[in-house]
There are 2 protein chains.
Amino acid sequence: MARSQAQVNVAILGATGRVGQELLKVLDERDFPLADLRLLASARSKDTTVTFKSKSYPVLEPSEDAFKTMDIVLASAGEEISKQLSPLAVKQGACVIDNSNAFRMDSAVPLVVVGVNSQALHSHKGIIANPNCSTSQLVVVLKPLHDVAGLTRVIVSTYQSVSGAGKEAMDELEQQTRAIVNCEDYKPKVFQRQIAFNLIPHIDKFLDNGYTKEEMKMITETRKILELPHLPITATAVRVPVVIGHSESVTVELDRAISPAQAREILADSPGIEVWDGPQEAVYPTPIDVVGEDPVYVGRIRRDTSSDTGLNMWVVADNLRIGASLNAVRIAEYLVEHRLLKQHIST
Amino acid sequence: MARSQAQVNVAILGATGRVGQELLKVLDERDFPLADLRLLASARSKDTTVTFKSKSYPVLEPSEDAFKTMDIVLASAGEEISKQLSPLAVKQGACVIDNSNAFRMDSAVPLVVVGVNSQALHSHKGIIANPNCSTSQLVVVLKPLHDVAGLTRVIVSTYQSVSGAGKEAMDELEQQTRAIVNCEDYKPKVFQRQIAFNLIPHIDKFLDNGYTKEEMKMITETRKILELPHLPITATAVRVPVVIGHSESVTVELDRAISPAQAREILADSPGIEVWDGPQEAVYPTPIDVVGEDPVYVGRIRRDTSSDTGLNMWVVADNLRIGASLNAVRIAEYLVEHRLLKQHIST
């Protein structure tokens, strides 16, 4: 297919999943300069087709040369598939933007939130990792504060929606809620416990240090993205009965004290952040306010009463967008714009 | 009415409310040594009767001599009524155990969680205050850690159930949830925002420092109960779509480091605490596990990765019991047992 310099061939790996669908939506909304689009998924999705911009695309199982002629692979098919197929895609000439945990802490792989550490993309070697959703919305807020006042400690407690656990988890919350209000039984299938009208302080596997993998991801990924390998940071990750939208109660300590008013100004001036913070008028973000929105929303900014240089804040974002699809497409756009695709690098 | 030395006359102010009902349940369960029981409520409850231990009691509007012959008044009728009637009750010879915010920070009034600072009861002057529910479960856990290792900082984020906001709030969560799963409209009446499938980082009024009154109560009440007036402590209070059971993500810093294993041992040996902490077997408390239970449950105890002397933990309790009824009745029992009623003190 003939194409202009700026147009790129994109494959989506895991095209029929929740994030795959969201990726297509974001590519469409942002009018991404697509030449060819290839939709890949496991055998389960065989014989299905997906419509994109009024055109029907077959969903293919990844063949041996699935990535040939592709410039970018947006991978959302889980850790194992990514580990298997990403090196192959790179060999065949594509850049892989991976949404899984497979390569995030690999020192050779940039872990990038566009607008926070985009410069790391300039040294990519073919694979680029997209951070965990709860990390992404956190670093968007931490970075501008760090730049002005120097982060010395971060303490986060999360309130994470079920959509972070996939489509089946969203169905489980709905069906279990329905069952409970109708006094019927509903045994958990996806979650370890009842999630409707309940909380589960357990996301992903438990590790030997008593943290969950989700919590350790937030800790290690934040350090890597901010290039602060020794940043004192801790996290508690809790699943809440909310459909979409992750919230975080964040306490930061800074090298030098800044007032809540200064923090509001710094954050409001940062790209990708909306400050909704008018306590007297009950202005603050809640999860249902942010569904389908791109920014990270910050409210409840106030002095930490337990530290002279601390601030507390409340950070809410649409985890499906900020955490996966939107940042992946923004990375793709950045690669195109800065001529960082394989075709550019190889010539 | 003739009565033995140990038997006491109790009035319940706000007897038909949610906490009033729970108070009666706890008095019954614990077989409190009641002589006379007087049930008081506002004019709205006129002409109703309440059954207690197979006996029917009329609900009376508080008259001018409503508290005469009473030894103890369990007050759960809100701040304004408490301010009005408590001095009168004391004048008429009763001790008032007040569940409202009216007297908690009054330096002449002991603010007591039995088992944490019961000794403060020995200097009461007639009125005793019962702390806010989110404070109670917190101090039960902080006290034994402080006694062994010295608290130097506390950071709490709460996940508070709607029952903390009263019966109408519980109804609103149920009705709003029903409406949403049936795709019907339901405008919030009790809460500032939609609470079903959502979170509201706003409990009680906002104050000038950007904190809510709920958050400042946790801060000031904890300092008073632990007798640590300068304890660095901060709180973020969030309402979650859970019916009963408050949860808290708690980070503490200590004078000297203790291991998670030591913390588990210290807490397990403390009265009123159950340690449920087996991450590898997914053992941790969730709100639905603790409904109707007396203890404070602690899990997810682990080293704070952001501090050498810090610990993180997850604290869950039935807010209706620990926060109001159970502690009020325990205070009453303590007064009887230690002969701290007015009749004892006056003689």
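Listed here are the strands (runs of 3 or more DSSP E) enclosed by segment B:221-327 that have at least 2 residues being within 12 Å of chain A (Cβ to nearest Cβ), surrounded by 19 or more Cβ atoms within 10 Å (Cβ to Cβ) and free of Cβ contacts under 8 Å to residues at least 60 places away in the same chain: B:296-303. The residues of segment B:43-58 that are not small (G, A, S) and not in a strand (DSSP E or B), listed by number, are B:R44, B:K46, B:D47, B:T48, B:K53. Selection of segment A:174-206 for residues being part of a helix (DSSP H, G or I), at the interface with chain B (Cβ under 7 Å from one of its Cβ atoms) and not aliphatic (A, V, I, L, M) yields A:E174, A:T177, A:R178.
In this structure, B:A77 does satisfy being in contact with a Gly (Cβ under 7 Å, 6 or more places away or on another chain), part of a loop (DSSP other than H, G, I, E, B), assigned by TED's automatic domain parsing to the domain that holds B:K342 and modelled with pLDDT under 95. Pairs are defined by a Cβ separation below 6 Å, a sequence spacing of at least 6 or placement on different chains, a first member in segment A:6-27 that is β-branched (V, I, T), and a second member that is surrounded by fewer than 24 Cβ atoms within 10 Å (Cβ to Cβ) and assigned to a helix (DSSP H, G or I); the pairs so defined are A:V8/A:V336; A:T16/A:S45. Annotation: of all residues in segment B:155-172 being surrounded by 23 or more Cβ atoms within 10 Å (Cβ to Cβ) and either aromatic (F, W, Y) or at pLDDT 95 or above (or both), the one that is farthest from the chain's Cα centre (by Cα) is B:I155.
Checked against (1) under 13 Å from the mean Cα position of the chain (by Cα); (2) within 19 Å of A:E22 (Cα to Cα); (3) of a type outside the set (F, W, Y), A:V96 meets all criteria but (1).
Okay, residues lined up against (1) under 21 Å from A:P271 (Cβ atoms); (2) part of a helix (DSSP H, G or I); (3) not basic (K, R):
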residue	(1), (2), (3)
A:G93	no, no, yes
A:R104	no, no, no
A:A120	yes, yes, yes
A:E168	no, yes, yes
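Of all the residues in segment B:14-42, those that are part of a loop (DSSP other than H, G, I, E, B) and over 21 Å from B:G78 (Cα atoms) number 4.
From the list B:H338, B:H344, the lone residue that is without any contact (Cβ under 8 Å) to a residue 60 or more places away in the chain, out of contact with any Lys or Arg (no Cβ under 8 Å at 6 or more places or on another chain) and more than 14 Å from chain A (Cβ to nearest Cβ) is B:H344.
The values are calculated or read from the model by the stated rules, or taken from the named source; none is laboratory data. Source: prediction; values computed, not measured. Methodologically, a virtual Cβ is constructed for each residue, glycine included, from the backbone with ideal geometry; neighbour enumeration extends over all protein chains shown.
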